[in-house]
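Report on one structure; see the data block that follows.
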Amino acid sequence: MDRSVYDRGIVNVGNAYRMQRVMQRAENGESITVVFLGGSITQDSAATVHEKCYAYRTYLWWCENFPKASIRYVNAGIGATDSRFAAARLSEDVLSKHPDVVYCEFSVNDENTALYKESFEGVLRSILSAECEPAVFVFNNVFYDDGRSAQEVHNEVAMYYDLPIVSIRDSIFEELLLGNLNRADITADNLHPNDYGHELVAGVITNLMDIIRERFLTEDEAVTPYVLPIKALTANRFFGAKRYRNDYEGIIANGFLKDESEQQGVRDVFKKGFFAEQAGAELTFSVAAAAIYVQYRKTIAHPAGIAEVFVDGEPAGVLDANFEETWGDCLFMQQVYDGRSFEKHTVTIRLREVPEGMEKPFYLVAVLTRNA
């Protein structure tokens, strides 16, 4: 691909202080950790092998450009998940790895709305505020049929924090519109890139990385140190969001059983939860929150169980585990409470319906909370 196409994808070079600091450490032969946070494209969907996905190709860029360094690769992509969930899982899946660089992308899983502008800021600000002070790189994937994405709201946040940003819509998708690329050559479903599509996505990212590295190697004056803005751009209610699973002490189980099986990596999502097969089984969480979400398994194995949720004794929603899509079981996140202040609450999940012939037990994955 001509470099001019990749250049067209550059939205913002950003303040490169943190990134160049990592490059200096890598140049010195130190160990660094590079993390990729996102959805199914980050996970590697539609690549024939993981090593051909954009994330691994970008990791190889670090290995090739800093051969003396020990580069640790962490892929924290989970398909069909958005930045609301990412904000709640950051501590365990990303920050616990002490990342030096985090590549962040949720533009095809989030919607182009104020809610996702706020949740995306919660993710970025939480990463940037981490004690290990990682560099953050933002990029925007795209639906290849109509060009939709959450790019506008995501980039408004990323620009506010003066981060490196690239856009697949402004580069690769534009080539489709110009007739220089055939859609079938890069994606089979108008969303997930194939091997060649992943190569192009990685090219857009590493093109800006090349520019940052070139400046790192040639500029005499140091880049202005990065300063995190004191005020958030939005209400930032997802900053510090939390996830409560079966290791949380504030749980009472009556008929729900703890899943004791070991989780095999970040994408083994139906673990560390509770399951039940008898109607009337209850699970109660005591949490402090301003907003509450429940995560459970929606399954393609019909018929599935149906549960109901109560917050402080009041009905708060129905959890229908029947999934109407066909691509597989879904880690579904459902909001059940949105209050005006941060308070203690009791969340009860009660299995209401257990249909005859139910193949899989009802599986409660986690309760997520927002602080404001």
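The values are calculated or read from the model by the stated rules, or taken from the named source; none is laboratory data. Nothing here was measured: the structure is a model prediction, and the numbers come from that model. A quick note on method: Cβ atoms are made from the backbone with ideal geometry, for glycine too, and the neighbour counts reach across all protein chains shown. Surface accessibility is based on the protein's heavy atoms, side chains included, excluding ligands, DNA and RNA. Shrake-Rupley method; radii C 1.70, N 1.55, O 1.52, S 1.80 Å.
Against the numbered list (1) of a type in the set (S, T, N, Q); (2) farther than 26 Å from residue 93 by Cα; (3) at pLDDT 95 or above; (4) in a strand (DSSP E or B), residue 278 comes up short only at (4). For the range 46-63, the criterion of being modelled with pLDDT of 95 or more, part of a loop (DSSP other than H, G, I, E, B) and touching a Cys at 6+ places or on another chain (Cβ under 8 Å) is met by at least one residue. What do you reckon, is residue 207 on the phi > 0 side of the Ramachandran plot, touching a residue at least 40 places away in the same chain (Cβ under 8 Å) and open to solvent by less than 90 Å² (accessible area, probe 1.4 Å)? No; evaluated as a whole, the condition is false for this residue. When the range 355-372 is limited to residues that are more than 21 Å from residue 259 (Cα to Cα) and charged (D, E, K, R), the one that is least open to solvent (accessible area, probe 1.4 Å) turns out to be 370. Any residue at all in the range 77-99 that's assigned to a strand (DSSP E or B), surrounded by 23 or more Cβ atoms within 10 Å (Cβ to Cβ), in contact (Cβ under 8 Å) with a residue 12 or more places away in the chain and among the hydroxyl-bearing types (Ser, Thr, Tyr)? Scanning the range 77-99, I find no residue that is assigned to a strand (DSSP E or B), surrounded by 23 or more Cβ atoms within 10 Å (Cβ to Cβ), in contact (Cβ under 8 Å) with a residue 12 or more places away in the chain and among the hydroxyl-bearing types (Ser, Thr, Tyr), so the answer is no. Exactly one residue out of 181, 115 is open to solvent by 10 Å² or more (accessible area, probe 1.4 Å) and either over 22 Å from residue 243 (Cα atoms) or β-branched (Val, Ile, Thr) (or both): that is 181. Would you check which residues across the range 268-306 are among the charged types (D, E, K, R), touching a residue at least 12 places away in the same chain (Cβ under 8 Å) and surrounded by fewer than 23 Cβ atoms within 10 Å (Cβ to Cβ) and list them? Those that are among the charged types (D, E, K, R), touching a residue at least 12 places away in the same chain (Cβ under 8 Å) and surrounded by fewer than 23 Cβ atoms within 10 Å (Cβ to Cβ): 271, 272, 277, 282, 298.
Regarding the range 30-45, can at least one residue be identified that is open to solvent by 10 Å² or more (accessible area, probe 1.4 Å), farther than 30 Å from residue 247 by Cβ, touching a helix residue (DSSP H, G or I) at 6+ places or on another chain (Cβ under 8 Å) and part of a loop (DSSP other than H, G, I, E, B)? Scanning the range 30-45, I find no residue that is open to solvent by 10 Å² or more (accessible area, probe 1.4 Å), farther than 30 Å from residue 247 by Cβ, touching a helix residue (DSSP H, G or I) at 6+ places or on another chain (Cβ under 8 Å) and part of a loop (DSSP other than H, G, I, E, B), so the answer is no.
Please tell me if residue 260 is over 25 Å from residue 119 (Cβ atoms) and without any contact (Cβ under 8 Å) to a residue 12 or more places away in the chain. Considered against the rule, which asks whether it is over 25 Å from residue 119 (Cβ atoms) and without any contact (Cβ under 8 Å) to a residue 12 or more places away in the chain, residue 260 comes out as yes. Looking only at residues in the range 1-21 that are over 17 Å from residue 128 (Cβ atoms) and not hydrophobic (A, V, I, L, M, F, W, C), the one that is least open to solvent (accessible area, probe 1.4 Å) is 9.
Picking from residues in the range 311-344 that are in contact with a Gly (Cβ under 8 Å, 6 or more places away or on another chain) and open to solvent by less than 20 Å² (accessible area, probe 1.4 Å), the one that is farthest from residue 83 (Cα to Cα) is 321.
Looking at the range 1-28, which of its residues are charged (D, E, K, R), in contact with a Ser or Thr (Cβ under 9 Å, 6 or more places away or on another chain) and in a loop (DSSP other than H, G, I, E, B)? If you could, list the steps in order and put the result at the bottom.
To start, the set of residues in the range 1-28 that are charged (D, E, K, R) comprises 2-3, 7-8, 18, 21, 25, 27.
From what's left, in contact with a Ser or Thr (Cβ under 9 Å, 6 or more places away or on another chain): 7-8, 25.
Passing the criteria: none in range.
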